[in-house]
Amino acid sequence: MTPWELRQLLDAVRHGGIESTAAADRILQAMRAAPFEDIGFARVDNHRQLRQGFPEVILGLGKTPAQIAGIAGRIVAQGQTLLVTRAQPDAFDAVRAVVPDAVYHAEARLISRKQGEIPPGHGTILVACAGTSDLPVAEEAALTAEVMGNTVDRLHDVGVAGLHRLLREQARIQKARVIIVVAGMEGALPSVVAGLVQVPVIAVPTSIGYGASFGGIAALLGMLNSCANGVSVVNIDNGFGAACVASAINHLPPAGGST
C-alpha cells in the first residue's frame, strides 16, 4: 500500500465509504507483506514504492529475457506498475508471456504496464532534445516521466545549430515546472535553455557525435561546466535518471500548497 492509497483509504473511512474494520484489515494485510521477495536470482523490492513513491524499475541490461520476465511477473503480482528500461524485443516477448497487456516502446527500449495509484505531478515536465539522433534518450526520459504520473511536453530538434527553432517555442518553455534537455555533440543546449527560465534544468549528455565527442564525454564535460544557473547533469544517455529527478521535483507541493 502506497502513501497515496493509504490517504485515499482513510478519506473513505472519514466519509463513510468503507467500514473502519474493513479498512483496518486492508492496512494489516499491507503491513504483513514482506519487504522483498527472494526469487533466487533477484530479490524483488516490494516496498520501493512505499519508500520512494514509485515501484522498483528493472534495468534490462545484463539480464536474460527469462530473468526480466520473472522479476516483472512478481512486480505486477504485487499490484504495482511495471517499468523495464533498456529492453530488447526478445525480453518483451518473455515479459508478454507473463504480463500479456505489457506495452513495448521500441524507440525508448522500454516495457511498461500501468496499474495501481500513481499520484500525479503538479506541473508539466518539458523534454527538449537537440537533434533527431537524440530521440531514443529523450523518449526514455519522456515515457519514464509519464509512467511516473507526470504531464510531459516534448520539444524535438531544437539544437543550437538553429537557435531560432528553440526561441520560437518560448511560450511552451516558460510553462514547464521542470525541463529535461537532451543533447550530444558539444552539449551546449542545456546552457541556452537554462538562461531563459527560472526552473530546474536537468541536462542529459548523449553519446551522439563524431570522434572527439568521445562517446558523450565531450557533452558531459560541457554540461558540467555550464555557466548558466540551475543546471544539474546526469550520466551519459541516462534519460531514465533524468526523468526520476524531474518527477521527484514535479511531485513536490507548490509553494503555499499541500500534498
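The values are calculated or read from the model by the stated rules, or taken from the named source; none is laboratory data. All values reported here derive from a predicted model rather than from experimental measurement. Cβ: placed from backbone, ideal geometry, glycine included. Neighbour counts: every protein chain shown. Just the protein is used for accessible areas: all its heavy atoms, side chains included, with ligands, DNA and RNA removed. Shrake-Rupley method; radii C 1.70, N 1.55, O 1.52, S 1.80 Å.
Remarks
- Looking only at segment 25-35, and only at residues there that are touching a helix residue (DSSP H, G or I) at 6+ places or on another chain (Cβ under 9 Å) and not in a loop (DSSP other than H, G, I, E, B), the one that is most open to solvent (accessible area, probe 1.4 Å): Arg26
- Count - residues of segment 78-92 that are farther than 23 Å from Gly239 by Cβ and in contact with a strand residue (DSSP E or B) (Cβ under 9 Å, 6 or more places away or on another chain): 1
- Within segment 38-57, residues that are within 18 Å of Asn150 (Cα to Cα) and without any contact (Cβ under 8 Å) to a residue 40 or more places away in the chain sit with their Cβ atoms under 7 Å from residues that are assigned to a strand (DSSP E or B) and charged (D, E, K, R), at 6+ positions apart or across chains, in these pairs: Glu56/Asp45.
- Filtered residues of segment 101-117 (kept if touching a residue at least 60 places away in the same chain (Cβ under 8 Å), in contact with a helix residue (DSSP H, G or I) (Cβ under 6 Å, 6 or more places away or on another chain) and open to solvent by less than 60 Å² (accessible area, probe 1.4 Å)): Ala108
- Scope segment 42-77; condition open to solvent by 70 Å² or more (accessible area, probe 1.4 Å), among the hydrophobic types (A, V, I, L, M, F, W, C) and assigned to a loop (DSSP other than H, G, I, E, B); matching residues: Leu61
- Among the conditions (1) over 23 Å from Pro200 (Cα atoms); (2) within 13 Å of the chain's Cα centre (by Cα); (3) in a loop (DSSP other than H, G, I, E, B), Ser112 misses just one, which is (3).
- Note on segment 19-61: among residues that are within 26 Å of the chain's Cα centre (by Cα) and among the β-branched types (Val, Ile, Thr), the one that is modelled with the highest pLDDT is Ile58.
- Gly241 vs. criteria without any contact (Cβ under 8 Å) to a residue 60 or more places away in the chain, open to solvent by 30 Å² or more (accessible area, probe 1.4 Å), in a helix (DSSP H, G or I) and among the small types (Gly, Ala, Ser): no
- Restricted to segment 134-203, the set of helices (runs of 4 or more DSSP H) holding at least 1 residues that are buried (at least 19 other Cβ atoms within 10 Å of the Cβ) and in contact (Cβ under 8 Å) with a residue 40 or more places away in the chain comprises 135-147, 170-175, 189-194.
- Top-ranked residue in segment 204-220 [being assigned to a helix (DSSP H, G or I) and either among the polar types (S, T, N, Q) or on the phi > 0 side of the Ramachandran plot (or both); ranked as most open to solvent (accessible area, probe 1.4 Å)]: Phe214
- Some residue of segment 207-230 being closer than 23 Å to Gly121 by Cα and at pLDDT below 95: yes
- The number of residues in segment 94-127 being touching a Pro at 6+ places or on another chain (Cβ under 6 Å) and within 24 Å of Ala77 (Cβ to Cβ) comes to 1.
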